Amino acid sequence: MILREATRPDLPFVLALLDDDGAVRAEATEAHERAFAAIEADARNEMLVLADGHEVVGCLQLTYIPGLGQGGGERALVEAVRIRADRRGGGLGAELMRLAVERARGRGCGLVQLTSNKRRSAAHRFYERLGFARSHEGFKLHLEP
């Protein structure tokens with residue numbers, strides 16, 4: 001298994017993972033193409049894939065956030081963590097997160113943070129097993145176009 005930055009040919013597989021299936025390629029829309037290009041062009045964003053040979057089995061996005069808190073140190077935000085449905089339960093999610101944390105540490109981040117949907121209790125137990133603490137309550141405000 002290797003963790004690498006996603007390339008444009010990976011996009012349909014990443015979209016399938018984000019749709020929580022991962023078994024079939026998903027079609028990329030123009031909006032997906034723009035978002036992927038923006039992530040690729042931004043040194044503070046990385047769309048990462050966990051690959052088993054040429055096969056994409058997992059993904060996540062890391063965003064590096066500069067801030068004045070935490071002594072002025074950078075923090076890493078983890079989003080869109082997925083393992084392909086037929087590969088779950090074998091430790092790949094833990095390996096994906098371990099590699100992401102290692103990557104953030106190597107960049108000098110002093111903190112890794114993430115949010116998880118309140119309905120995903122199994123995911124919450126997973127993150128707690130990895131050492132993440134429920135330290136804050138999260139809020140979101142959806143903006144209509």
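The values are calculated or read from the model by the stated rules, or taken from the named source; none is laboratory data. Because the structure is predicted, anything quoted here is derived from the model rather than measured. All Cβ positions, even for glycine, are placed from backbone atoms using ideal geometry, and neighbour counts span all protein chains on display. Ligands, DNA and RNA are stripped out before the accessible areas are found, and what is left, the full protein with its side chains, is counted by its heavy atoms. Shrake-Rupley method; radii C 1.70, N 1.55, O 1.52, S 1.80 Å.
Details
- Applying a length cut-off of 20 Å (Cα extent along the axis) and a mean Kyte-Doolittle floor of 0.0 to the DSSP H helices of the chain leaves no helix.
- Computed extension gain for A28 through H142, at 0.36 nm per residue and net of the alpha carbon distance, reaches 38.8 nm.
- Ranked by the mean number of other Cβ atoms within 10 Å per residue, highest first, peptides 55-63, 101-109, 27-35 order as 55-63, 101-109, 27-35.
- Three principal axis extents describe the C-alpha atoms of region 9-89; from largest down they are 44, 33, 21 Å.
- Judged by the mean number of other Cβ atoms found within 10 Å, the most tightly packed of the peptides 66-79, 4-17, 83-96 leads the ranking 4-17, 83-96, 66-79.
- Under 5 Å, built H, 5+ apart or other chain: amide partners of R84: G58
- Full extension of the chain between R119 and S135 yields a length gain of 4.0 nm, computed as 0.36 nm times the residue separation minus the alpha carbon distance.
- Charging the Cβ of each Asp and Glu at -1 and of each Lys and Arg at +1, and nothing else, the dipole of the chain about its Cα centre rounds to 660 debye.
- Across the protein chains, with a 1.4 Å probe defining accessible surface, the residues R134, R82 rank R134, R82 from largest area downward.
- Cα gyration tensor, the chain - rounded (a/c under 1.5), prolate or oblate: rounded
- Accessible area per residue, Å², the chain with all protein chains present, probe 1.4 Å: 64 Å²
- Percent accessible area from carbon and sulfur atoms, region 3-145, protein chains only, probe 1.4 Å: 52 percent
- Placing pseudo-labels 7 Å out from each Cα toward the beta carbon at A94 and E79 gives an inter-label distance of 2.8 nm.
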